[in-house]
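The values are calculated or read from the model by the stated rules, or taken from the named source; none is laboratory data. In this text, all values refer to a predicted model and were calculated from it rather than measured experimentally. Backbone-built Cβ (ideal geometry, glycine too); neighbour counts: all protein chains shown.
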Amino acid sequence: MPDRIMTTRTAREPRVPRRLPAALATAALLVLLAPPGRAEEVGDAAAGRELARQWCSDCHLVESGARGATDYAPPFAEIAGDAKTTEFRLRAFLRTPHDRMPNYALSRDQTDNIIAYILSLRRR
Ligand code: HEC
């Protein structure tokens, strides 16, 4: 009996090398499909800019050259330029209530997008 099993295995042997490339291809595909590593960037800055124009521009200068904002709310470019500003701090700020700023029920995506937009102003 053991002899027969051995024989059967030998006959199947070519299958092993045939499966290996498929596994490698799958692994390569997973690597290709994985999102690119963007350490500091979250969200979609273009969508965040639209949100900022609609919801934040009454008080903040949300883009350079914009007019009509108040002088008591810091311009977004200034917030972005502050060395203390990080994704973490912005997220914490936007999650907590503030006296002179309305409380927005921003979704996670909206928060990400607005943070991405504010941080994008830093590199200009
Ligand atoms: C009604 C006016 C008003 C609106 C609308 C408003 N803000 Fe503000 N915001 C303020 C004021 C005033 C401050 C400064 C408050 C403070 O320092 O406590 C502020 C501060 C901030 C800060 C912190 C700045 C810092 O120094 O770190 C962030 C970030 C911010 N706002 C983001 C936003 C975003 C994003 C929106 C739109 C979704 C928005 N604000 C809409 C009035 C407003």
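Side notes on the structure shown:
- Any pair with Cβ under 9 angstrom, 6 or more apart, that starts in region 82-103 at a residue that is among the acidic types (D, E) and ends at one that is near the ligand (Cβ under 6 Å from one of its atoms): D82/P74
- Residue match in region 59-75 (condition: part of a helix (DSSP H, G or I) and of a type in the set (F, W, Y)): no
- Residues of region 86-120 that turn out to be closer than 19 Å to D58 by Cβ, more than 16 Å from the chain's Cα centre (by Cα) and among the hydrophobic types (A, V, I, L, M, F, W, C), as a count: 4
- Tabulated pairs, region 31-58, first of a type in the set (G, A, S), second in a loop (DSSP other than H, G, I, E, B) and at pLDDT 90 or above, C-beta under 7 angstrom, 6+ apart or interchain: A52/V62
- Checked against (1) at pLDDT below 95; (2) closer than 17 Å to S120 by Cβ, R89 passes all but a single condition, namely (1).
- Here region 103-124 is the region considered, the condition is being of a type outside the set (K, R) and not in a helix (DSSP H, G or I), and the residue that is farthest from E50 (Cα to Cα) is N103.
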